[in-house]
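K.L.:
Sharing a structure, written as structure tokens. Questions coming.
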Number of protein chains: 2
Amino acid sequence: MKILEVKQLTDFKHLNLFSNKYKDRTGTLKSWIFASRSKEPQVMLNEESKSCKPSAVVIIPFHQEYKKLVMIKEFRVPLGAYQYGFPAGLMDRDEEIEETAVRELKEETGLEIVKIIRRSPAIYSSSGMTDESISLVYVICSGKPSIEWNEDSEDIEVLMISSEDAQKLLETPDIKFDVKSWIVVSTFARTGII
Amino acid sequence: MKILEVKQLTDFKHLNLFSNKYKDRTGTLKSWIFASRSKEPQVMLNEESKSCKPSAVVIIPFHQEYKKLVMIKEFRVPLGAYQYGFPAGLMDRDEEIEETAVRELKEETGLEIVKIIRRSPAIYSSSGMTDESISLVYVICSGKPSIEWNEDSEDIEVLMISSEDAQKLLETPDIKFDVKSWIVVSTFARTGII
């Protein structure tokens, strides 16, 4: 299949809707609406100018001294509710993935990265509705948890969890998880590894 | 923190933008734009009418006879590119999670569910930009892979992968993964379990 035309439908600052015109397998002309944080979604770019830079970085931190997985309980405005997840943030202009990871982990939890264990490429959050991509950065961290560096718009609690705690969290009704944290926490509960 | 007001900004059929007005930790009035597939995002509903029904179901299938993980390579219109992921689909009205899983696995891969191993609650795809939630359904499946039941708008290839294949996929440059499949495939490559 092939995209024939991309049209920007709205003009807001942080998030917009776009429409892709395409031909399906039978040759029928169709359109598909999606959301993008970028004024130039990936589909608008030619092969050479396509960047592999993700929109955001998500940090999966394991604490060196406490020997526990670090999670945050954070108010998410689009849900109007608290969600359990991992520290994360949009990449600043000209920032490298590791720099965003260091900055956001400090800002949201007060902790410092000791070592990067592994890192994903830019992977897509929900490619039926958005071109948003993230990079997952698995790290060993150190320090005392603190919310002193939180921004005003952030409402965060830092949690340290063992694999037994992980199992209990998964069994607690009404806790909201994001996709990444549910998969990581359920693997951690079953195997003790991240 | 608390949401004070929700405003619908666009009026398209499948996806819309909304704006939440809220007070941050310092009492400053702010707004946050997000995307939703629903005409009544979760944040608009009161506690009683909030449903725990996810927007979509994602199936993580392990093939009983081939002893391999089933993935699909699928054209994703918002990316204008092929992506490696798992079979998935929006829930039809009045459908239960298991019914969506059975229907979508058949439609996208031709395979049949033998047994459901485990299932996540509704978990959020990217809660900074959307209230979209999914349920992950891990299954044992059986049958011969086929794209005979694909819809016209679908362009899918069915893949059967061993944990060695998983490692090779992860090392191949320029392959696009979604978040869920990258985490599951990288755990499968390292441990042989899903």
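We did not get these values from a lab; they are worked out from the coordinates using the rules stated. Given the structure is predicted, the values throughout are model-derived calculations rather than measurements. Positions of Cβ are generated from backbone atoms using ideal geometry, with glycine treated the same way; all protein chains shown enter the neighbour counts.
K.L.:
If the label for A:Lys2 sits 7 angstrom from Cα along the Cα-to-Cβ line, what are its distances to the same label in every other copy, in nm to one decimal, shortest first?
P.N.:
List, nearest first: 5.6 nm.
K.L.:
Any idea what the alpha-carbon Rg over 2.2 N^0.38 Å comes to for the protein assembly as shown?
P.N.:
0.95
K.L.:
Right, here's the next one. If R0 is 56 Å, what FRET efficiency do you get for A:Asp24 and B:Thr26 from their C-beta distance, rounded to 0.05?
P.N.:
Calculated value: 0.65.
K.L.:
Still on this structure, please answer the following. Mind telling me which of A:Ser120, A:Ser135, A:Ser55 comes out most flexible in a GNM of chain A, alpha-carbon contacts under 10 Å?
P.N.:
Sorting by GNM fluctuation, first place goes to A:Ser120.
K.L.:
Would you mind listing how long segment A:31-96 runs along its three principal axes, going by Cα atoms, in whole Å with the largest first?
P.N.:
47, 30, 20
K.L.:
Can you tell me the length gained on complete extension of the stretch B:Glu164 to B:Lys115, counting 0.36 nm per residue apart and subtracting the Cα distance?
P.N.:
15.2 nm
K.L.:
In which sequence would B:Leu105, B:Leu4 go, from the one with the fewest C-beta neighbours within 10 Å to the one with the most?
P.N.:
B:Leu4, B:Leu105
K.L.:
Where the label is 7 Å out from Cα toward Cβ, how close does A:Lys67 come to the same position in every other copy, in nm, shortest first?
P.N.:
Listed shortest first, these distances are 3.4 nm.
K.L.:
Taking only the Cα atoms of segment A:116-194, how large is their convex hull per residue, in Å³?
P.N.:
Hull volume normalised by residue count: 155 Å³.
K.L.:
For segment B:1-18, list residues with backbone N below 11 Å from a point placed 7 Å from the Cα of A:Leu9 toward its Cβ?
P.N.:
Only B:10-17 fall inside the zone, counting backbone N under 11 Å.
K.L.:
While we're on this one: A 21 angstrom limit on the alpha carbon distance is what I want to check against. Which of A:Lys176/B:Lys68; A:Lys13/B:Lys23; A:Lys21/A:Lys180; B:Lys68/B:Lys180; A:Lys53/B:Lys180 exceed it? Numbers along the way, then the final one.
P.N.:
Working: A:Lys176/B:Lys68 31 Å; A:Lys13/B:Lys23 19 Å; A:Lys21/A:Lys180 31 Å; B:Lys68/B:Lys180 17 Å; A:Lys53/B:Lys180 19 Å.
Beyond 21 Å between Cα atoms: A:Lys176/B:Lys68; A:Lys21/A:Lys180.
K.L.:
Taking every residue in B:66-77, how many Cβ atoms of other protein chains lie within 10 Å of its Cβ, on average?
P.N.:
Details: counts 0, 0, 0, 0, 0, 0, 0, 0, 3, 6, 10, 15.
Taking all residues of B:66-77 together, the mean is 3.
K.L.:
Arrange B:Tyr66, B:Tyr138 by Cβ neighbour counts within 10 Å, fewest through most, would you?
P.N.:
On the way: B:Tyr66 15, B:Tyr138 20.
Neighbour counts put them in this order, fewest first: B:Tyr66, B:Tyr138.
K.L.:
For segment B:1-118, take every pair of Cα atoms, bin their distances at 5 Å starting from 0, and report each bin as a whole percent.
P.N.:
2, 9, 14, 15, 15, 13, 11, 9, 6, 3, 1, 0
K.L.:
How big is D for segment A:48-172, in µm² s⁻¹ as a whole number, if Stokes-Einstein is applied with the Kirkwood radius of its Cα pairs at 37 °C and 0.692 mPa s? Don't jump to the answer; show the numbers that get you there.
P.N.:
Details: Rh = 15.3 Å.
Translational diffusion coefficient: 215 µm²/s.
K.L.:
Would you mind checking which residues have amide H under 5 Å from A:His63's amide H? H placed 1.01 Å from N; only 5 or more apart, or other chain.
P.N.:
A:Lys68, A:Leu69, A:Val70, A:Cys141
K.L.:
Find the centroid of the Cα atoms in segment A:1-61 and in segment A:89-167, then give the distance between the two in whole Å.
P.N.:
25 Å
K.L.:
Would you please give the FRET efficiency between B:Lys39 and B:Thr172, computed as 1/(1 + (r/R0)^6) with r the Cβ-Cβ distance and R0 = 35 Å, to the nearest 0.05?
P.N.:
Values: r = 41 Å, r/R0 = 1.16.
Efficiency for this residue pair is about 0.30.
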